[in-house]
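Written out below as structure tokens is the structure these notes cover.
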Ligand SMILES: [Zn+2]
Ligand SMILES: [Zn+2]
């Protein structure tokens, strides 16, 4: 293994971690902001068909990664490594968010323990609130402790205790908030 390889592997790793931070910020301030909600709204309601408008965000990220591969191929292996980092993050995002939480794959698997369970429950709580305001847990790979999120929701007063508990254990694709 050469030093170069280790350096590029490190860049890939750092990019994956940085992407979670970037995605958290984009989700909280752009997608739930005034300008980005137009696309993201579709992800917070039940939609017909295989795709939702929100998938356009993934397309934008993919185009960006492909451009990095293209430019990196000619100019710099560092850009190539960043392109790989974004691509790997995209795959992890697909497995954790689209797969595990929203079950957009042909099999149903609900994790019952460990971090995977926390990840699913945290994102269910993200979808528990109606509309773009007062939502919690904006990360896709990092999930804060469930008790902390429940407390945050109670504090903001948008959901009562019973609705919060029902949201955590709700089944199915979990896009729209649970209703009475
Ligand atoms: Zn959201
Ligand atoms: Zn979601």
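Quick note: the coordinates plus some simple rules give every number you see, no bench work behind them. This one's a predicted model, so the numbers in the text were calculated from it and none came from an experiment. Please note: Cβ atoms are built from the backbone with ideal geometry, for glycine as well, and neighbour counts cover all protein chains shown.
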Stretched fully, the stretch from residue 67 through residue 176 gains (0.36 nm per residue minus C-alpha distance, one decimal, in nm) 35.8 nm
For residue 30 and residue 165, extending 7 Å from Cα along the Cα-Cβ vector and measuring point to point gives, in nm, a value of 3.9 nm
Summing -39500 (n - 2.57) over every DSSP H run of at least 4 residues in the chain and dividing by its residue count gives a helix-only mean residue ellipticity at 222 nm, to the nearest 500 deg cm²/dmol, of -17500 deg cm²/dmol
With R₀ set to 35 angstrom, the calculated FRET efficiency between the beta-carbons of residue 7 and residue 51, to the nearest 0.05, is 0.35
Taking alpha-carbon centroids only, region 107-159 lies from region 19-80 a number of Å equal to 21 Å
Kirkwood Rh over alpha-carbon pairs of the chain plugged into Stokes-Einstein at 10 °C, 1.306 mPa s gives a D in µm²/s of 91 µm²/s
So, relative contact order of the chain in percent, Cα under 8 Å, 6 or more apart, is 24 percent
Counted neighbours (other Cβ, 10 Å), sorted fewest up, put 15, 47 in the order 47, 15
Contour minus Cα-Cα span, residue 58 to residue 37, at 0.36 nm per residue, comes to 6.1 nm
